[in-house]
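**Student:** I have a structure I would like to understand better, so I am pasting it below and will then ask my questions one at a time.
The values are calculated or read from the model by the stated rules, or taken from the named source; none is laboratory data. Computed from a predicted structure; not experimentally measured. Backbone-built Cβ (ideal geometry, glycine too); neighbour counts: all protein chains shown.
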Ligand SMILES: Cc1cc2nc3c(=O)[nH]c(=O)nc-3n(C[C@H](O)[C@H](O)[C@H](O)COP(=O)(O)OP(=O)(O)OC[C@H]3O[C@@H](n4cnc5c(N)ncnc54)[C@H](O)[C@@H]3O)c2cc1C
């Protein structure tokens with residue numbers, strides 16, 4: 001059989017290697033829209049669950065010359081995480097060594113990498129199986145080919161590219177990222193990606209620059225990351241900053257996210273990112289971390305970033321299916337997620353491994369292999385996708401005593417709505433020890449993420465008495481979107497769910513999932529979020545806050 005992959009990003013290249021390894025395909029052809037291998041952005045995480053797949057397929061994350069130039073085909077030049085430090089707003093610091101043995105089970109390691117280094121080490125491995133290599137099932141990467149059309153017959157998929165070329169295969173994998181053309185062509189009614197109202201600054205500082213950092217008053221930093229391979233996190237009410245080393249410790253990756261709903265540049269989709277000046281980043285970071293003990297350190301760090309950029313963060317609601325005939329989605333095309341868990345790339349690697357295992361098991365039976373792939377992958381990837389959105393915990397107000405009591409009664413590992421570092425307590429093995437190659441020999445039962453969460457929520461919330469207002473709303477009014485938009489603060493918060501308008505000002509502090517909803521959706525449509533997470537009991541309970549029906553002008 002012939003496999004066609006659209007997109008030579010991290011997910012697409014890993015899938016090429018994995019499908020080749022499955023032994024089922026005669027050839028793998030990857031079609032990439034860019035003219036040369038390239039990727040924007042700075043650092044990213046390859047945690048043990050992703051590193052395990054890299055090792056299996058011979059992708060060398062750790063080798064390479066960490067002092068070599070950008071953009072060369074080389075080993076991945078990763079930096080291995082040793083510990084995490086969290087700097088809290090109250091001045092406390094939580095330090096935690098990262099135990100690779102217990103976390104990964106097999107020492108796969110938590111890697112931090114420059115995005116381009118990861119891409120180039122994937123190209124390096126793929127080139128071992130090029131057309132001229134003489135290897136069985138060669139992998140060919142075709143650059144400058146942007147997917148524009150898709151057509152399926154009973155036995156084949158035919159893809160057409162912007163340069164007029166066509167490709168035919170028995171399988172087509174859409175690994176073409178968050179703006180996936182495969183998704184748009186094969187699922188024309190899918191929802192567009194969504195602006196999350198979170199922006200982030202990204203960039204890199206050379207090691208020598210970090211070593212010489214000083215605060216504005218000339219004093220050394222309180223916590224200079226120079227002496228450890230630590231991932232440092234600083235949290236403020238509406239902002240969070242993370243630093244970690246990449247390229248064998250030669251570059252420090254700096255990532256500073258900020259809740260910025262008024263950022264019109266992104267809301268209007270002018271672009272995903274743009275360069276910013278050092279003055280701008282220093283000013284914004286100073287404002288975002290006003291009063292925070294890390295402020296002066298973060299100002300110094302952000303002012304030292306070489307060519308800083310500002311990004312808008314986007315995601316999408318979970319798709320109901322990733323498979324249509326002989327076409328499947330993979331990686332960000334299937335489940336774009338916020339970077340809260342640092343799992344974006346790792347989830348695409350897990351997809352690749354599971355897809356290959358499904359073909360190794362079902363051989364030429366493409367529909368069954370794709371069904372198996374979707375059934376094992378959808379639940380897990382969707383869990384990260386939804387969890388990442390709600391684990392943006394700088395958007396959330398602090399849990400009240402009442403919420404804490406509720407959380408104790410719930411198994412927080414099950415629900416995606418609770419903070420990442422609380423879920424599973426100290427035990428991250430559900431994330432890191434996972435081996436995506438092991439898909440079982442039987443087709444698993446249908447287990448779709450969000451819908452399952454709703455069922456679980458129903459069981460777990462049974463017997464929990466939800467807070468009730470003294471005077472339940474009557475819900476008799478007719479309300480326009482313009483009027484809803486006026487109630488757009490935490491202290492005066494109306495939202496729209498499925499054509500009804502709710503005043504959740506009083507309810508928000510009692511909401512078991514946190515008051516963040518009031519911040520994120522005040523004055524806006526919240527139908528998708530609500531539908532993803534709530535049980536029928538929760539739907540009925542909302543009647544107590546219903547202002548009335550939405551009327552469209
Ligand atoms: C700037 C940035 C920073 C990130 N940081 C992190 C991080 O810190 N941690 C983390 O885990 N994840 C991070 N991610 C996400 C992570 O990179 C992705 O989840 C991961 O790369 C898997 O993506 P993918 O291969 O599915 O898609 P992508 O990496 O987006 O690759 C898609 C590929 O498809 C190509 N393509 C698109 N459209 C077409 C078309 N029509 N025809 C042909 N080719 C096409 C693109 O050019 C690209 O090469 C980040 C993503 C970005 C963009």
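**Student:** Would you mind finding the one in 220, 225 that is away from the ligand (no atom under 14 Å from the Cβ), free of Cβ contacts under 8 Å to residues at least 12 places away in the same chain and in contact with a strand residue (DSSP E or B) (Cβ under 7 Å, 6 or more places away or on another chain)?
**Tutor:** Step by step, each of 220, 225 is checked, and only 220 is away from the ligand (no atom under 14 Å from the Cβ), free of Cβ contacts under 8 Å to residues at least 12 places away in the same chain and in contact with a strand residue (DSSP E or B) (Cβ under 7 Å, 6 or more places away or on another chain).
**Student:** Let me ask something else about it. Taking residue 6, is it away from the ligand (no atom under 11 Å from the Cβ), over 18 Å from residue 116 (Cβ atoms) and either assigned by TED's automatic domain parsing to the domain that holds residue 328 or more than 25 Å from the chain's Cα centre (by Cα) (or both)?
**Tutor:** Answer is no for this residue.
**Student:** Hey, does the range 449-470 have a residue that's at pLDDT 85 or above, surrounded by 15 or more Cβ atoms within 10 Å (Cβ to Cβ) and farther than 30 Å from residue 240 by Cα?
**Tutor:** No - not one qualifying residue is present in the range 449-470.
**Student:** Could you grab me the full set of residues in the range 25-59 that are within 12 Å of the ligand (Cβ to nearest atom) and part of a loop (DSSP other than H, G, I, E, B)?
**Tutor:** Within the range 25-59, 32, 33, 34, 35, 36, 37, 38, 39, 40, 41, 42, 47 meet the criteria.
**Student:** Among the numbered criteria (1) within 16 Å of the ligand (Cβ to nearest atom); (2) crowded, with 20+ Cβ neighbours inside 10 Å; (3) assigned to a strand (DSSP E or B), which single criterion is violated by residue 234?
**Tutor:** If we test residue 234 against (1) within 16 Å of the ligand (Cβ to nearest atom); (2) crowded, with 20+ Cβ neighbours inside 10 Å; (3) assigned to a strand (DSSP E or B), just (1) comes out false.
**Student:** Continuing with the same structure: Checking residue 202 against (1) over 30 Å from residue 3 (Cβ atoms); (2) touching a helix residue (DSSP H, G or I) at 6+ places or on another chain (Cβ under 7 Å); (3) surrounded by 14 or more Cβ atoms within 10 Å (Cβ to Cβ), only one condition comes out false. Which one?
**Tutor:** (2)
**Student:** What helices (runs of 4 or more DSSP H) lie completely within the range 318-437 and have 3 or more residues being crowded, with 22+ Cβ neighbours inside 10 Å, modelled with pLDDT of 80 or more and in contact with a helix residue (DSSP H, G or I) (Cβ under 9 Å, 6 or more places away or on another chain)?
**Tutor:** Once the helices (runs of 4 or more DSSP H) in the range 318-437 are filtered for at least 3 residues that are crowded, with 22+ Cβ neighbours inside 10 Å, modelled with pLDDT of 80 or more and in contact with a helix residue (DSSP H, G or I) (Cβ under 9 Å, 6 or more places away or on another chain), what remains is 344-362, 366-390.
**Student:** Inspect all residues belonging to the range 305-315 and state whether any of them is modelled with pLDDT of 95 or more, more than 19 Å from residue 25 (Cβ to Cβ), in contact with a strand residue (DSSP E or B) (Cβ under 7 Å, 6 or more places away or on another chain) and within 11 Å of the ligand (Cβ to nearest atom).
**Tutor:** no
**Student:** Go through 40, 26 for me and flag whichever is surrounded by fewer than 19 Cβ atoms within 10 Å (Cβ to Cβ), more than 20 Å from residue 162 (Cβ to Cβ) and over 23 Å from the mean Cα position of the chain (by Cα).
**Tutor:** Result: 26 is the single residue among 40, 26 that is surrounded by fewer than 19 Cβ atoms within 10 Å (Cβ to Cβ), more than 20 Å from residue 162 (Cβ to Cβ) and over 23 Å from the mean Cα position of the chain (by Cα).
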